[in-house]
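Worksheet for the structure shown next.
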Amino acid sequence: QSALTQPPSASGSPGQSVTISCTGTSRDVGGYDYVSWYQQHPGKAPKLLIFEVTKRPSGVPDRFSGSKSGNTASLTVSGLQAEDEADYYCSSYAGFNNLLFGGGTKLAVL
Amino acid sequence: QVQLQESGPGLVKPSETLSLTCTVSGYSISSGYYWDWIRQPPGRGLEWIGTIYHTGSTYYNPSLKSRVTMSVDTSKNQYSLNLRFVTATDTAVYYCARDYPGGRHHEYWGQGTLVTVSP
């Protein structure tokens, strides 16, 4: 099983929206609605932003939203803020009790 | 508040066994959920290592399965990771995290512990 594919980098200006993609296969992203997104600041543990494709844990701003189409999931960050500058990772259930992560996307707020 | 804390040696020699323990507070492992180990090599992405349930059932990343053993001690509210025959490529920050079985997402993480494999 291979890691999910994410763009290495993304960027946007404060107030803008940016979308990060996460591409897998029909055996993982496309096969289950178990896609999660995490935000990681340098030296910190990942923080859960989105689970089950579109759901947000309590405390996560609604500026963060998730979606999925076919084998590709997406995370959209609206109204970019300076503190959104971080690494973002997707994760998907891959069947047979396996989990996959994406390679990560470094988001720069210009 | 659920908290997880990794502990173990920060330096392991090549070909030896990496052993880590995760101590959980604020929630009883016996009450449910899955309990995972996830690692992150320096400057790289996250990699799922494996999952254990309080019954002792385990699920491992196929790429690591031959070298990994996970165990749970419900009396101490801890679970552990053993990774055998380590090489420099096993150098990473190792995280323990609680895994929701229904959706396989991780809401609670430990702070992570850096393990370096070096002679």
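Could you check, for segment B:80-89, whether at least one of its residues is assigned to a strand (DSSP E or B), out of contact with any Leu (no Cβ under 7 Å at 6 or more places or on another chain), away from chain A (no Cβ under 14 Å) and surrounded by 19 or more Cβ atoms within 10 Å (Cβ to Cβ)?
Taking every residue of segment B:80-89 in turn, none turns out to be assigned to a strand (DSSP E or B), out of contact with any Leu (no Cβ under 7 Å at 6 or more places or on another chain), away from chain A (no Cβ under 14 Å) and surrounded by 19 or more Cβ atoms within 10 Å (Cβ to Cβ).
Can you tell me which condition B:Ser75 does not meet? The list is (1) within 14 Å of another protein chain (Cβ to nearest Cβ); (2) open to solvent by 20 Å² or more (accessible area, probe 1.4 Å), and all the others hold.
Going through (1) within 14 Å of another protein chain (Cβ to nearest Cβ); (2) open to solvent by 20 Å² or more (accessible area, probe 1.4 Å) one by one, B:Ser75 breaks only (1).
Within segment A:56-86, count every residue that is assigned to a strand (DSSP E or B) and open to solvent by 40 Å² or more (accessible area, probe 1.4 Å). It would help to see each step written out before you state the result.
Start the filter on segment A:56-86 by keeping residues that are assigned to a strand (DSSP E or B), which leaves A:64-69, A:72-77, A:86.
Add one more test, that the residue is open to solvent by 40 Å² or more (accessible area, probe 1.4 Å), and what stays is A:65, A:67-69, A:72.
Within segment A:56-86, residues that are assigned to a strand (DSSP E or B) and open to solvent by 40 Å² or more (accessible area, probe 1.4 Å) number 5.
Pick from segment B:58-67 the residues that are at the interface with chain A (Cβ under 9 Å from one of its Cβ atoms) and not in a strand (DSSP E or B): which of them is nearest to B:Phe85 (Cα to Cα)?
For segment B:58-67, the residue satisfying everything is B:Ser63.
Checking B:Ser71 against (1) assigned to a loop (DSSP other than H, G, I, E, B); (2) over 24 Å from A:Tyr89 (Cβ atoms); (3) at pLDDT 95 or above; (4) not aromatic (Phe, Trp, Tyr): exactly one of these is not met. Which one?
(1)
Looking at A:Leu107, is it outside any strand (DSSP E or B), in contact with a strand residue (DSSP E or B) (Cβ under 8 Å, 6 or more places away or on another chain), more than 13 Å from chain B (Cβ to nearest Cβ) and buried (at least 19 other Cβ atoms within 10 Å of the Cβ)?
no
For the subset of segment B:39-56 comprising residues that are outside any strand (DSSP E or B) and facing chain A (nearest Cβ under 9 Å), which member is farthest from B:Ala97 (Cα to Cα)?
Out of the qualifying residues, it is B:Arg44.
Would you mind stating whether A:Thr25 is open to solvent by less than 60 Å² (accessible area, probe 1.4 Å) and either assigned to a strand (DSSP E or B) or modelled with pLDDT of 95 or more (or both)?
So A:Thr25 passes the test.
For segment B:20-38, enumerate the residues that are surrounded by 13 or more Cβ atoms within 10 Å (Cβ to Cβ), part of a strand (DSSP E or B) and not aliphatic (A, V, I, L, M).
B:Thr21, B:Cys22, B:Thr23, B:Tyr34, B:Trp35, B:Asp36, B:Trp37
The values are calculated or read from the model by the stated rules, or taken from the named source; none is laboratory data. Nothing here was measured: the structure is a model prediction, and the numbers come from that model. Using ideal geometry, Cβ is built from the backbone for each residue, glycine included, and neighbour counts are taken over all protein chains shown. These accessible areas exclude ligands, DNA and RNA; they are computed on the full protein's heavy atoms, side chains included. Shrake-Rupley method; radii C 1.70, N 1.55, O 1.52, S 1.80 Å.
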